[in-house]
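Asks: Following this message is one structure expressed as structure tokens.
Computed from the coordinates by the stated procedures, all read-outs in this text should not be read as laboratory data. Just so it is clear, the model here is predicted, and its values are computed rather than measured. Here Cβ is always computed from backbone atoms with ideal geometry, including for glycine, and neighbour counts include all displayed protein chains.
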Amino acid sequence: MTEADQGRSTRTTRTTHKQLVIAILVGLVMWVSTLLTVWKLSSIAPGLMPEQWLTQNILFQVNYAIAEYEKEHGEKADSLSQLQEYGYVETNDDGQLLDDWGNPMAIHFDGTNLAITSFGRDGKPGGIGLDHDLSSLDPTPDGTCMTLYQFLFDAPSTNLQLLCFGIGIFTCIAIISDKNSKKKPGRWQYAFTFSVLILAIFFFTVFISTLQLYSGH
């Protein structure tokens, strides 16, 4: 092999390695970006956090019951038993109002308002995300969105995570395949085709993820 051939072979190897690195990096970016997008979408969809969503509905029903009691009796209810007596809310056999995690809710009357509070998934005061406290005075407070850790390790999001990872792998393979194509498009044509491909994959992933988030599957 001549020195010229060796030089061409070396340049070809370097180019191949560079293309492989670019493909891997773009694949990683697609994986992480789609994963973060799906995580953010989970904050507006009940599919991955049905207990929190249903607990918030219970609290909205409590607010409705309190308003109906006041309208009918001309005074505010000051205990859960008053709402229970007139069939406004349902409790268990022990007279407790449970959130959808199965934890008893706290009842407090401050002389003006009757407040029903769920302490979230962990059943303890405080917390963020799924563990955030929910109250009938504010059923949807800030800070109730799942943290990234909860999304990755606590929520039933395995299928969504695999989908995002698969999109990253597919993007990587698509770039390598296009680079190895015998027909070499121009730089701008390649950039346009690549951009369209990335956007199509991204929005397809978001669409499928949204369907799964709302269905809970």
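Asks: How do 101, 39 rank when sorted from fewest to most other Cβ atoms within 10 Å of their own Cβ? Working shown, then result.
Replies: Values: 101 16, 39 23.
With the fewest neighbours first, 101, 39 line up as 101, 39.
Asks: Here is a further query. Rounded to the nearest 0.05, what FRET efficiency do residue 93 and residue 70 have when you use their Cβ-Cβ distance and R0 = 30 Å?
Replies: 0.60
Asks: Test of understanding: what is the full-extension gain from residue 84 to residue 44, defined as 0.36 nm times their sequence separation minus their Cα-Cα distance?
Replies: Working it through step by step, the gained length comes to 11.3 nm.
Asks: For residue 162 and residue 113, FRET efficiency with R0 = 45 Å and r from the beta-carbon atoms, rounded to 0.05?
Replies: 0.45
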